[in-house]
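Structure, as structure tokens:
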Amino acid sequence: MTVSDPRHDRLLTVLTEAGIRDERVLAAILRVPRDFFVPPTFREHAFENTALPIGQGQTISQPQVVGIMTEVLRLTDRHKVLEIGTGSGYQTAILALLCRRVYTIERHKSLLKEAEERLAQLGIANVVAKHGDGGIGWADQAPFDRIIVTAAAQQEVPRPLLEQLAVGGMMVVPVARNPIDQRLLLVSRTETEVEVQDLGAVRFVPLISDMLEPSPPQSVAEALSRLTAPRRS
């Protein structure tokens, strides 16, 4: 007889009350042991709906946000996914259970090494990871069916990520319009346009990129329109 874990039961309640209904996503979250991905100091809080420190000034996102970001991507086992910000590897593990392959980038070597070790211990083999600048994506492996960004881009969605998103693909990304206003955006790309849906306020650590050129403040719509604007030959 299977004994229900009260921690999982409470977490499932939080996720369903937040509106997460995809049974595959809920099953993946419950299958991945979140306590395995947090430092020992915080393991007693691992199943609470809160972000926790993981070192290097980074955090593991709260389960509710992980659930929302994962669900809106509508993943299938045919999708090739780019993740910007491996962190502890928690979100990576959940993605890996739901798609064909995950390509994940982390700028902090120590975090990446620990994440790779955790994924290996869990027997997750459909993840390719590298140390690098997530803001410029992974051009050699593009295009991607789905992109998930787990740090807040400044002012606009990074153009390299938009360019690496396949036609018909979707990206979920937090964008900081100013220091106190971050919005979670769902970006969908068609052959002729880029559609953007605002999913609400969030709070993420900043996306740091050494390669992206700084740009003046502008609306997200203005930034996205550049991608689909006709080009002169």
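Scanning region 180-203 for residues that are part of a loop (DSSP other than H, G, I, E, B) and either open to solvent by 70 Å² or more (accessible area, probe 1.4 Å) or of a type outside the set (A, V, I, L, M) (or both) yields Ile180, Thr190, Glu191, Thr192, Glu193, Arg203. Return yes when Val157 is open to solvent by less than 10 Å² (accessible area, probe 1.4 Å), in contact (Cβ under 8 Å) with a residue 24 or more places away in the chain, in contact with a strand residue (DSSP E or B) (Cβ under 9 Å, 6 or more places away or on another chain) and part of a loop (DSSP other than H, G, I, E, B) and no when it is not. Against the criterion (open to solvent by less than 10 Å² (accessible area, probe 1.4 Å), in contact (Cβ under 8 Å) with a residue 24 or more places away in the chain, in contact with a strand residue (DSSP E or B) (Cβ under 9 Å, 6 or more places away or on another chain) and part of a loop (DSSP other than H, G, I, E, B)), Val157 qualifies. Annotation for region 211-219: no member residue is at pLDDT 80 or above and not in a helix (DSSP H, G or I). The criterion of being open to solvent by 30 Å² or more (accessible area, probe 1.4 Å) and in a strand (DSSP E or B) does not hold for Lys113. The single condition from (1) modelled with pLDDT under 90; (2) under 26 Å from Ala120 (Cα atoms) that Ile29 fails is (1).
What about Arg74, is it open to solvent by 50 Å² or more (accessible area, probe 1.4 Å) and on the phi > 0 side of the Ramachandran plot? Yes. Of the set (1) modelled with pLDDT of 95 or more; (2) of a type in the set (Val, Ile, Thr); (3) crowded, with 18+ Cβ neighbours inside 10 Å, all apply to Thr59 but (1). Being open to solvent by 30 Å² or more (accessible area, probe 1.4 Å) and at pLDDT below 95 narrows it down to one of Pro143, Pro206, so name that one. That would be Pro206, the only listed residue that is open to solvent by 30 Å² or more (accessible area, probe 1.4 Å) and at pLDDT below 95.
For the condition open to solvent by less than 20 Å² (accessible area, probe 1.4 Å), charged (D, E, K, R) and farther than 19 Å from Ala129 by Cα, what is the one hit in Arg21, Arg10, Arg34? Exactly one of Arg21, Arg10, Arg34 is open to solvent by less than 20 Å² (accessible area, probe 1.4 Å), charged (D, E, K, R) and farther than 19 Å from Ala129 by Cα, namely Arg34.
Against the list (1) part of a strand (DSSP E or B); (2) of a type outside the set (Val, Ile, Thr); (3) open to solvent by less than 30 Å² (accessible area, probe 1.4 Å), the condition Arg177 fails is (3). Filtered by the rule that a residue be open to solvent by less than 10 Å² (accessible area, probe 1.4 Å) and either at pLDDT 95 or above or more than 15 Å from the chain's Cα centre (by Cα) (or both), region 120-139 gives a lone residue, Gly137. Number of residues in region 138-154 that are part of a strand (DSSP E or B) and charged (D, E, K, R) equals 2.
The values are calculated or read from the model by the stated rules, or taken from the named source; none is laboratory data. Since this is a predicted model, take the numbers as computed values, not measurements. We place every Cβ from the backbone using ideal geometry, glycine too, and count neighbours over all the protein chains shown. Accessible surface is based on the protein model in full, side chains and every heavy atom, while ligands, DNA and RNA are left aside. Shrake-Rupley method; radii C 1.70, N 1.55, O 1.52, S 1.80 Å.
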